[in-house]
1. Does any residue of the range 80-97 turn out to be open to solvent by 40 Å² or more (accessible area, probe 1.4 Å) and either within 23 Å of L28 (Cα to Cα) or not in a helix (DSSP H, G or I) (or both)?
2. List every residue pair whose Cβ atoms lie under 9 Å apart, where the two residues are 6 or more positions apart in sequence or sit on different chains, the first residue falls within the range 153-167 and is more than 24 Å from T179 (Cβ to Cβ) and assigned by the TED database to the domain that holds S111, and the second residue, located anywhere, is hydroxyl-bearing (S, T, Y) and exposed (fewer than 15 other Cβ atoms within 10 Å of the Cβ).
3. When you scan the range 7-24, do you find a residue that is at pLDDT below 90, loosely packed, with under 13 Cβ neighbours inside 10 Å and either assigned by the TED database to the domain that holds L136 or not in a helix (DSSP H, G or I) (or both), even just one?
4. Under 6 Å between Cβ atoms, at least 6 apart or on separate chains: pull out the pairs that start in the range 118-145 with a residue that is without any contact (Cβ under 8 Å) to a residue 24 or more places away in the chain and end on any residue that is small (G, A, S).
5. Can you pull out every residue in the range 98-136 that is open to solvent by less than 40 Å² (accessible area, probe 1.4 Å) and either outside the structural domain of A158 (by the TED database) or at pLDDT 95 or above (or both)?
6. E69 passes all but one of (1) surrounded by 16 or more Cβ atoms within 10 Å (Cβ to Cβ); (2) in a helix (DSSP H, G or I); (3) without any contact (Cβ under 8 Å) to a residue 24 or more places away in the chain; (4) not polar (S, T, N, Q); which number fails?
7. In this structure, is N151 surrounded by fewer than 16 Cβ atoms within 10 Å (Cβ to Cβ), touching a helix residue (DSSP H, G or I) at 6+ places or on another chain (Cβ under 6 Å) and over 15 Å from L106 (Cα atoms)?
8. Quick test of your reading of the structure: M171 fulfils all but one of (1) open to solvent by less than 70 Å² (accessible area, probe 1.4 Å); (2) in a helix (DSSP H, G or I); (3) hydrophobic (A, V, I, L, M, F, W, C). Name the failing condition by number.
Amino acid sequence: MKTETQSTRQHILDVGYSLIVKQGFSCLGLAQLLKAAQVPKGSFYHYFKSKEQFGEALLAGYFEQYQAELDNLFANSQLSGFERQMQYWQKWLHVQQDGCVDQKCLVVKLSAEVADLSEAMRLVLLQGSAGIIERLTQCIQAGIADNSICNQDAQATAELLYHMWLGASLMNKLGHSHTALERALATTKVILTTKSVS
């Protein structure tokens with residue numbers, strides 16, 4: 001029974017992912033979600049007290065999976081810290097160039113939309129992003145230790161890169177051009193390999 005319950009809940013979340021990536025959170029109606037998931041209204045409210053709580057659970061699940069994938073990528077000891085960093089940003093570029101066809105760009109899609117809409121969802125986004133920045137920081141520190149990344153403030157650099165890539169991704173969506181992402185990749189390489197001037 002527990003497995004079936006978890007499966008139904010996850011099914012609703014999975015269907016919600018695909019719909020929200022296409023049209024956003026605000027435009028997603030409960031009736032549309034229930035129809036796409038093929039579950040009755042009562043089932044939705046059995047798992048989620050509100051659409052907002054559904055959004056919180058969706059984002060929390062997204063970040064849990066995303067951060068696990070990031071941990072796996074950064075755990076590759078065969079690559080230097082710099083190589084691991086560049087592999088991550090190259091993957092980001094490819095995901096955005098593919099038109100954001102899955103939930104990998106949910107942060108880009110929802111950050112501006114839900115910041116004023118839902119305090120609870122804003123906090124999940126903020127905490128999830130902080131978790132990503134923390135992992136980027138650790139990877140940069142590893143690169144500094146193995147001399148593949150120039151000595152610098154790893155935390156500040158991680159924040160700068162993450163914010164730059166979010167902005168580049170938004171410009172990619174606005175202009176339907178990969179120029180901003182390609183410049184972000186080139187700039188990332190410079191930031192990680194250029195010695196800071198004291």
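The values are calculated or read from the model by the stated rules, or taken from the named source; none is laboratory data. As the structure is a computational prediction, the values presented were derived from the model and not from experiment. Positions of Cβ are generated from backbone atoms using ideal geometry, with glycine treated the same way; all protein chains shown enter the neighbour counts. Accessible surface is based on the protein model in full, side chains and every heavy atom, while ligands, DNA and RNA are left aside. Shrake-Rupley method; radii C 1.70, N 1.55, O 1.52, S 1.80 Å.
1. Taking every residue of the range 80-97 in turn, none turns out to be open to solvent by 40 Å² or more (accessible area, probe 1.4 Å) and either within 23 Å of L28 (Cα to Cα) or not in a helix (DSSP H, G or I) (or both).
2. Every condition considered, the pairs that remain are D153/S196.
3. Among the residues of the range 7-24, not one is at pLDDT below 90, loosely packed, with under 13 Cβ neighbours inside 10 Å and either assigned by the TED database to the domain that holds L136 or not in a helix (DSSP H, G or I) (or both), which makes the answer no.
4. R122/A115; T137/A154; T137/A158
5. Correct list: G131, I132, I133, L136.
6. Here E69 clears every test but (1).
7. Yes, satisfied.
8. In the conditions (1) open to solvent by less than 70 Å² (accessible area, probe 1.4 Å); (2) in a helix (DSSP H, G or I); (3) hydrophobic (A, V, I, L, M, F, W, C), M171 misses (1) alone.
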